[in-house]
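Values in this text are rule-based calculations from the coordinates and carry no lab data. Being a predicted model, the structure only gives us computed values, none of them experimental. Every residue, glycine as well, gets a Cβ built from its backbone with ideal geometry; the counts of neighbours run over all protein chains shown.
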Amino acid sequence: MRNNRFVIFGLTPVFACIVIFMIIPIVWGLALSFTDYRTLAPEANFVALENFKGLFSDKTFSLALNNTLVFVFVTVAINIIITLLIAQFICTLGSNKTRSLLRMIFFMPCVAPLVASSVVWKQMYSTKYGLINTVLNSMFDMPHQNWLGTPGTLLPAIIVFTLWADIGFNIIIFSAGMDGIPQTFYEAAGIDGAGRFHKFFFVTLPLLRRTFGFVLIMTLISHFQMFAQFDVMTRVGNSSGGPANAGMVMTLDIYKTAFKYKELGYASAMAMILLIIILVCSIISQRMNKTDWSY
């Protein structure tokens, strides 16, 4: 009985927080998506699926959806490759102090507030006095580029910033996963004549599958929800999204629709679509990386 009481009293606050801050907002958002609720309107009318039908003819939403998918899949793919290689390099170092130092250096951008980092990088991308243009011009005689003011370079510029700001977390996770692999597997592979290349692809990666699945799902979810850098780095005056809405993503479109145009019902429908996309990607990733082994 005492153990049951302890479990009940210990888990009740957790379940209460989940219900209040997760389940209720999702249910409330779903309910709003079937209405034409506006903050300035006296009442909300039930419109069934009209909001969702309107999304199919909304050019801004279609562009935001396309930009979001391109941003997420390109950034996540590059992120996974880079962090795997860096983590593998760190784990090959013999000195624990050097390994800890490198992990700390790569993790430092993750600690910095994303808004502050976005402001700094926006200045670095500046056409006339930006550090990036200055370095490229002095080293490669490359003419100054308007990185954030040109539709073709805006999204790649934000992708580069996002990689800098986000790879540290995955490097730590992958490093921990690699450190947890027993050395006996590598010794056995070495006896069979396997080199570093074969050990990485035929020992490390297969045994890192659970860690890989966790990193992939968490990175996908976080990148679908990224907002700060798009709002800060594409903002000109009171408008954000960049030239020709080249930096418009779903989170930014939802925010502008809800809080600038006051159409909370329509914005809730957008949010439900984003939620469904995240759920589908998470389920697919989990199925692909399902493992039944242990070591």
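I need the full set of residues from region 1-44 which are hydrophobic (A, V, I, L, M, F, W, C) and either within 22 Å of Leu55 (Cα to Cα) or in a loop (DSSP other than H, G, I, E, B) (or both), in order please. I'd like the intermediate steps shown before the answer.
Going residue by residue through region 1-44, those that are hydrophobic (A, V, I, L, M, F, W, C) are 1, 6-9, 11, 14-24, 26-28, 30-32, 34, 40-41, 44.
Answer for region 1-44, where residues must be hydrophobic (A, V, I, L, M, F, W, C) and either within 22 Å of Leu55 (Cα to Cα) or in a loop (DSSP other than H, G, I, E, B) (or both): Met1, Ile26, Val27, Trp28, Leu30, Ala31, Leu32, Phe34, Leu40, Ala41, Ala44.
Mind checking which pairs have a first residue in region 140-156 that is closer than 12 Å to Gly130 by Cβ and a second that is part of a loop (DSSP other than H, G, I, E, B), Cβ under 6 Å, 6 or more apart or different chains?
Correct list of pairs: His144/Thr127; Asn146/Thr127; Trp147/Tyr125; Leu148/Tyr125.
Working carefully through the options Val120, Val115, find the one that is among the hydrophobic types (A, V, I, L, M, F, W, C), free of Cβ contacts under 8 Å to residues at least 40 places away in the same chain and farther than 30 Å from Ile181 by Cβ.
Values: Val115 fails: free of Cβ contacts under 8 Å to residues at least 40 places away in the same chain.
After ruling out the rest, the residue left standing is Val120.
Quick check on Lys199: is it among the basic types (Lys, Arg), under 30 Å from Pro243 (Cα atoms) and not in a loop (DSSP other than H, G, I, E, B)?
Details: among the basic types (Lys, Arg): yes; under 30 Å from Pro243 (Cα atoms): no; not in a loop (DSSP other than H, G, I, E, B): yes.
It is false that Lys199 is among the basic types (Lys, Arg), under 30 Å from Pro243 (Cα atoms) and not in a loop (DSSP other than H, G, I, E, B).
Just name the residue that is surrounded by the most Cβ atoms within 10 Å (Cβ to Cβ) out of those in region 278-291 that are assigned to a helix (DSSP H, G or I) and either touching a residue at least 60 places away in the same chain (Cβ under 8 Å) or in contact with a Phe, Trp or Tyr (Cβ under 6 Å, 6 or more places away or on another chain) (or both). Working first, answer last.
The first filter runs over region 278-291 and keeps only residues assigned to a helix (DSSP H, G or I), leaving 278-288.
Those still in the list that are either touching a residue at least 60 places away in the same chain (Cβ under 8 Å) or in contact with a Phe, Trp or Tyr (Cβ under 6 Å, 6 or more places away or on another chain) (or both) too: 278, 281-282, 285-286, 288.
Working: Ile278: 17, Cys281: 19, Ser282: 16, Ser285: 21, Gln286: 13, Met288: 11.
Selected residue: Ser285.
Any chance you could count how many residues in region 202-233 are part of a helix (DSSP H, G or I) and more than 30 Å from Met272 (Cβ to Cβ)? So that I can check it myself, show each step before the final result.
Quick first cut of region 202-233, residues part of a helix (DSSP H, G or I) only: 202-207, 209-224, 228-233.
Next, from what is left, pick out any that are more than 30 Å from Met272 (Cβ to Cβ): 202-207, 209-211.
Final tally of qualifying residues: 9.
Hey, among the residues in region 45-77 that are in contact with a strand residue (DSSP E or B) (Cβ under 8 Å, 6 or more places away or on another chain) and in a loop (DSSP other than H, G, I, E, B), which one's farthest from Ile273 (Cα to Cα)?
Asn45
Kindly provide the set of residues from region 183-196 that are closer than 18 Å to Leu84 by Cα and part of a loop (DSSP other than H, G, I, E, B), ordered by number. Explain how you work it out, then say what you get.
Step one: of region 183-196, the residues closer than 18 Å to Leu84 by Cα are 186, 195-196.
Correct list: Gly195 only.
Is there any pair with a first residue in region 74-89 that is touching a residue at least 60 places away in the same chain (Cβ under 8 Å) and a second that is of a type in the set (Phe, Trp, Tyr) and in a helix (DSSP H, G or I) whose Cβ atoms are under 7 Å apart and which are 6 or more apart or on different chains, and what are they?
Short answer, once both residue conditions are applied: Thr83/Phe174; Leu84/Phe174; Ile86/Phe106; Ala87/Phe174; Gln88/Phe200.
So Ala87 ticks every box in (1) hydrophobic (A, V, I, L, M, F, W, C); (2) in contact with an Asp or Glu (Cβ under 9 Å, 6 or more places away or on another chain); (3) not in a loop (DSSP other than H, G, I, E, B) but one. Which box is left unticked?
The single condition Ala87 does not satisfy is (2).
Can you find even one residue in region 28-46 that is of a type outside the set (D, E, K, R), in contact with a Ser or Thr (Cβ under 7 Å, 6 or more places away or on another chain) and free of Cβ contacts under 8 Å to residues at least 40 places away in the same chain?
Here is the first cut: in region 28-46, the ones of a type outside the set (D, E, K, R) are 28-35, 37, 39-42, 44-46.
Checking which are in contact with a Ser or Thr (Cβ under 7 Å, 6 or more places away or on another chain) leaves us with 29, 32-33, 44-46.
When the remaining residues are screened for being free of Cβ contacts under 8 Å to residues at least 40 places away in the same chain, the result is 45-46.
Checked region 28-46: at least one residue is of a type outside the set (D, E, K, R), in contact with a Ser or Thr (Cβ under 7 Å, 6 or more places away or on another chain) and free of Cβ contacts under 8 Å to residues at least 40 places away in the same chain.
When only residues in region 210-256 that are charged (D, E, K, R) and farther than 23 Å from Ile80 by Cα count, which is surrounded by the fewest Cβ atoms within 10 Å (Cβ to Cβ)? Talk me through it step by step, then tell me what you get.
First pass over region 210-256, keeping only residues charged (D, E, K, R): 210, 231, 235, 253, 256.
Keeping just the survivors that are farther than 23 Å from Ile80 by Cα gives 231, 235, 253, 256.
On the way: Asp231: 19, Arg235: 17, Asp253: 24, Lys256: 19.
Checked region 210-256; the qualifying residue surrounded by the fewest Cβ atoms within 10 Å (Cβ to Cβ) is Arg235.
Out of the residues in region 90-126 that are surrounded by 14 or more Cβ atoms within 10 Å (Cβ to Cβ) and not in a helix (DSSP H, G or I), which is nearest to the chain's Cα centre (by Cα)?
It comes out as Tyr125.
Please go through region 237-266 and pick out each residue that is of a type in the set (Gly, Ala, Ser), more than 18 Å from Thr68 (Cβ to Cβ) and touching a residue at least 40 places away in the same chain (Cβ under 8 Å). If you could, list the steps in order and put the result at the bottom.
To start, the set of residues in region 237-266 that are of a type in the set (Gly, Ala, Ser) comprises 237, 239-242, 244, 246-247, 258, 265.
Imposing the further condition that a residue be more than 18 Å from Thr68 (Cβ to Cβ) reduces the set to 237, 239, 265.
Matches in region 237-266: Gly265 only.
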